[in-house]
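Peer 1: Following this message is one structure expressed as structure tokens.
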Amino acid sequence: MQILHISDTHLGCMQFNLKEREEDVYEAFNEAIDTAVKDRVDAVIHAGDIFHTPKPSGTAMLRLGEALKKLNEYGIRFFFILGEHDISRVRDTPSPYVFHRLGMATYVGDGKPHIHKDMLLIGFHKHKKSESDDLRGKLRSIINLADAKRRVLLLHQGLGEFHPYANELSMNDLPLGFNYYAMGHLHDHAMKPYGDGVVCYPGSIDPTPGEGIREFKKGFCIVDLSGSEARVDFIQVRSSRRHMEYVIEYERLDDLISRVREDVKGLKKKPVVAVRIKGSKGIDSATIASILSRLNDICLHYRWEVESTSKASAGRLYDAKPDIDKELLKLAKDALANEDHANLAINELLPLLSDGDVDGAIDMIWKRFEEGRSATGR
Ligand SMILES: [Mn+2]
């Protein structure tokens with residue numbers, strides 16, 4: 001029994017608003033699907049954040065549909081749960097669920113046991129941090145793992161042991177008795193042994209906007225469940241567009257162009273480049289912009305920032321900003337003088353609007369308005 005575990009594909013995601021970056025994501029996804037076919041795996045399991053937004057573009061829907069069609073042709077079943085990016089905050093059929101309804105894939109985020117060959121799959125869709133207690137209860141109530149030989153649990157949650165700021169659950173909240181804990185949500189690949197099994201995040205398949213520009217290794221996992229222990233192979237995506245980081249003194253900025261030119265030799269795709277310029281005085285932005293404009297022919301995209309030599313650089317975080325969220329909510333409460341309105345603004349509207357989902361935000365306001373109207377009996 002061999003499965004391909006993938007997560008956080010964010011189909012339709014377009015880093016820097018560039019069409020090329022959207023294509024990179026599809027290319028990475030297709031690599032995973034081609035590997036599933038080539039290795040004749042018994043199933044593909046997706047641990048959530050299939051699409052980048054709850055209302056994906058037609059192209060993103062089509063690319064998933066094409067992948068599922070191919071898997072179906074080879075008799076490989078696709079099982080999935082939903083991540084927060086897949087779930088609309090208004091009542092609507094989640095986009096990936098369409099493929100479940102059409103019989104092309106199987107949704108397993110309902111907490112019920114699903115049997116596939118000699119494997120038992122149980123999954124839960126993403127639960128918000130405020131629903132963690134509810135999810136813990138559901139996880140505790142998983143008993144009687146039937147006589148299935150292989151047992152796999154799918155979750156789209158942050159575990160504190162893997163990321164201190166994304167601690168929706170701790171590993172101890174996971175029920176024992178599974179051979180493999182197929183995780184999604186964290187975008188860096190990582191795994192740890194737990195009980196008689198392995199807890200594994202494959203990570204995102206390509207950098208998403210929140211991840212910034214940094215060197216990376218992206219991929220998916222081939223998991224062999226034939227033996228008593230799960231054997232996990234992380235397969236790196238080969239088509240990834242390189243992200244390159246350069247740190248350079250302001251005075252030596254001229255040298256950078258030839259250095260980058262040398263480094264991009266042999267690359268199939270023009271890279272994305274981040275330049276961190278060090279220096280303390282006499283820094284002129286116009287000079288920097290003019291020198292770096294020569295990167296335009298050799299890079300797809302570049303960004304630069306001046307790093308004051310006296311200041312420590314801030315860490316990069318994504319999918320995890322509990323303190324900022326809390327602070328925003330507090331400011332909104334102060335400004336609106338109404339806790340309900342502040343919650344609506346920060347927890348419901350802001351996530352929709354920051355994804356550019358204006359229709360979703362309008363739907364949300366209508367829904368609230370109608371709920372309010374029925375509550376007052378009018
Ligand atoms: Mn994600």
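The values are calculated or read from the model by the stated rules, or taken from the named source; none is laboratory data. Every value quoted in this text rests on a predicted model; they were computed, and no experiment measured them. Here Cβ is always computed from backbone atoms with ideal geometry, including for glycine, and neighbour counts include all displayed protein chains. For the accessible areas, the whole protein counts, side chains as well, though only heavy atoms, and no ligand, DNA or RNA atoms are used. Shrake-Rupley method; radii C 1.70, N 1.55, O 1.52, S 1.80 Å.
Peer 1: Quick one: count up the residues across the range 261-272 that are in a loop (DSSP other than H, G, I, E, B) and in contact with a Lys or Arg (Cβ under 8 Å, 6 or more places away or on another chain).
Peer 2: So the first thing to find is which residues in the range 261-272 are in a loop (DSSP other than H, G, I, E, B), and the list is 264-271.
Within this subset, residues satisfying the condition of being in contact with a Lys or Arg (Cβ under 8 Å, 6 or more places away or on another chain) are 264, 267, 269-271.
Qualifying residue count for the region: 5.
Peer 1: Looking only at the range 3-24, filter to residues that are more than 13 Å from the ligand (Cβ to nearest atom) and in a strand (DSSP E or B); which one of those is farthest from LEU62 (Cα to Cα)?
Peer 2: Going through the qualifying residues, I end up with ILE3.
Peer 1: Is it fair to say LEU253 is at pLDDT below 95 and open to solvent by less than 10 Å² (accessible area, probe 1.4 Å)?
Peer 2: Working: at pLDDT below 95: yes; open to solvent by less than 10 Å² (accessible area, probe 1.4 Å): yes.
In short, yes.
Peer 1: Moving on to the next point. Specify which of the listed residues (ARG242, ARG259) is out of contact with any His (no Cβ under 7 Å at 6 or more places or on another chain) and loosely packed, with under 15 Cβ neighbours inside 10 Å.
Peer 2: ARG259
Conditions (1) closer than 30 Å to ALA47 by Cα; (2) not in a strand (DSSP E or B), marked per residue:
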{"position": "CYS221", "(1), (2)": "yes, no"}
{"position": "ILE248", "(1), (2)": "no, no"}
{"position": "ASP255", "(1), (2)": "no, yes"}
{"position": "ARG259", "(1), (2)": "no, yes"}
{"position": "ALA274", "(1), (2)": "no, no"}
{"position": "LYS281", "(1), (2)": "no, yes"}
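Peer 1: Select, from ASP134, ASP118, ASP110, ASP86, the only residue that is in contact (Cβ under 8 Å) with a residue 24 or more places away in the chain and under 25 Å from the mean Cα position of the chain (by Cα).
Peer 2: ASP86
Peer 1: Then there is this: Filter the range 122-135 down to the residues that are of a type in the set (D, E, K, R), outside any loop (DSSP other than H, G, I, E, B) and either out of contact with any His (no Cβ under 9 Å at 6 or more places or on another chain) or under 19 Å from ILE3 (Cα atoms) (or both) and list them by number.
Peer 2: LYS129, GLU131, ASP133
Peer 1: Looking at the range 47-85, which of its residues are over 29 Å from ASP118 (Cβ atoms), in contact with a Phe, Trp or Tyr (Cβ under 8 Å, 6 or more places away or on another chain) and within 15 Å of the ligand (Cβ to nearest atom)?
Peer 2: ALA60, HIS85
Peer 1: Among the residues in the range 203-215, are any open to solvent by 40 Å² or more (accessible area, probe 1.4 Å) and either within 16 Å of the ligand (Cβ to nearest atom) or closer than 30 Å to ASP118 by Cα (or both)?
Peer 2: Looking through the range 203-215, at least one residue is open to solvent by 40 Å² or more (accessible area, probe 1.4 Å) and either within 16 Å of the ligand (Cβ to nearest atom) or closer than 30 Å to ASP118 by Cα (or both).
Peer 1: Do you know which residues across the range 33-46 are touching a residue at least 24 places away in the same chain (Cβ under 8 Å) and either surrounded by fewer than 24 Cβ atoms within 10 Å (Cβ to Cβ) or away from the ligand (no atom under 16 Å from the Cβ) (or both)?
Peer 2: Once the filter is applied, which keeps residues that are touching a residue at least 24 places away in the same chain (Cβ under 8 Å) and either surrounded by fewer than 24 Cβ atoms within 10 Å (Cβ to Cβ) or away from the ligand (no atom under 16 Å from the Cβ) (or both), the range 33-46 yields ILE33, THR35, ALA36, VAL37, ASP39, ARG40, VAL41, ASP42, ALA43, VAL44.
Peer 1: Output the residues belonging to the range 150-168 that are part of a strand (DSSP E or B), within 16 Å of the ligand (Cβ to nearest atom) and aliphatic (A, V, I, L, M).
Peer 2: Selection gives LEU154, LEU155, LEU159.
Peer 1: Can you tell me how many residues within the range 232-264 are more than 23 Å from ILE205 (Cβ to Cβ) and of a type in the set (Ser, Thr, Tyr)? Before you say what the answer is, go through the steps one by one.
Peer 2: Taking the range 232-264 as the starting set, the residues that turn out to be more than 23 Å from ILE205 (Cβ to Cβ) are 246-263.
Checking which are of a type in the set (Ser, Thr, Tyr) leaves us with 246, 250, 258.
Total meeting the criteria: 3.
Peer 1: Right, here's the next one. Do we have PRO271 as under 25 Å from LEU186 (Cα atoms) and modelled with pLDDT of 95 or more here?
Peer 2: So PRO271 fits the description; yes.
Peer 1: Condition first: loosely packed, with under 12 Cβ neighbours inside 10 Å and modelled with pLDDT of 85 or more. Now tell me which residues in the range 295-330 satisfy that.
Peer 2: Across the range 295-330, the qualifying residues are ASN296, ASP297, GLU305.
Peer 1: Moving on. Please find, within the range 62-81, the residue that is nearest to PHE29 (Cα to Cα) out of those that are open to solvent by 50 Å² or more (accessible area, probe 1.4 Å) and in contact with a Leu (Cβ under 8 Å, 6 or more places away or on another chain).
Peer 2: Result: ARG63.
Peer 1: Here's something else I'd like to know. Give the range 272-286 a look and list any residue that's in contact (Cβ under 8 Å) with a residue 24 or more places away in the chain and either out of contact with any Cys (no Cβ under 6 Å at 6 or more places or on another chain) or not assigned by TED's automatic domain parsing to the domain that holds ASN296 (or both), or say none.
Peer 2: VAL272, ALA274, VAL275, ARG276, ILE277, LYS278, GLY279, SER280, GLY282, ILE283
Peer 1: Only one of THR59, THR93 is open to solvent by 50 Å² or more (accessible area, probe 1.4 Å) and in contact (Cβ under 8 Å) with a residue 40 or more places away in the chain. Can you tell me which?
Peer 2: THR59
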